[in-house]
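The values are calculated or read from the model by the stated rules, or taken from the named source; none is laboratory data. Everything quoted here is computed from the prediction, not taken from an experiment. All Cβ positions, even for glycine, are placed from backbone atoms using ideal geometry, and neighbour counts span all protein chains on display.
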Amino acid sequence: MINDLVLLYDSKFYKFLGKFRMQWLGLYIIKEITEGGAVQWVKLNGEPFPGNMNGSCLKPYTGDPVM
């Protein structure tokens with residue numbers, strides 16, 4: 001959903017999965033979702049990322065809000 005907090009999957013761990021390595025990056029905010037499932041997201045400070053990301057690479061953040 002729009003304005004939800006999400007984490008981004010770090011794809012460099014796809015083949016070389018480390019036991020104690022962090023596989024999820026950041027804490028980002030969803031700004032827009034297209035009909036095809038592409039997601040436009042921004043950093044917590046409002047700085048946008050160029051381009052869109054596939055929604056399957058994102059995971060909802062269920063922890064305490066940092067804001």
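Pairs meeting the criteria (first residue in the range 50-66 and within 11 Å of residue 9 (Cα to Cα), second residue modelled with pLDDT under 85 and outside any loop (DSSP other than H, G, I, E, B), beta carbons under 8 Å, at least 6 apart or on different chains) are 57/9; 57/11; 58/9; 59/9; 59/24.
Determine whether the range 40-52 contains at least one residue that is modelled with pLDDT under 90, in contact with a helix residue (DSSP H, G or I) (Cβ under 7 Å, 6 or more places away or on another chain) and not hydrophobic (A, V, I, L, M, F, W, C). For the range 40-52, residues modelled with pLDDT under 90, in contact with a helix residue (DSSP H, G or I) (Cβ under 7 Å, 6 or more places away or on another chain) and not hydrophobic (A, V, I, L, M, F, W, C): absent. Filtered by the rule that a residue be more than 13 Å from residue 8 (Cα to Cα) and assigned to a loop (DSSP other than H, G, I, E, B), the range 30-49 gives 34, 35, 36, 37, 44, 45, 46, 47.
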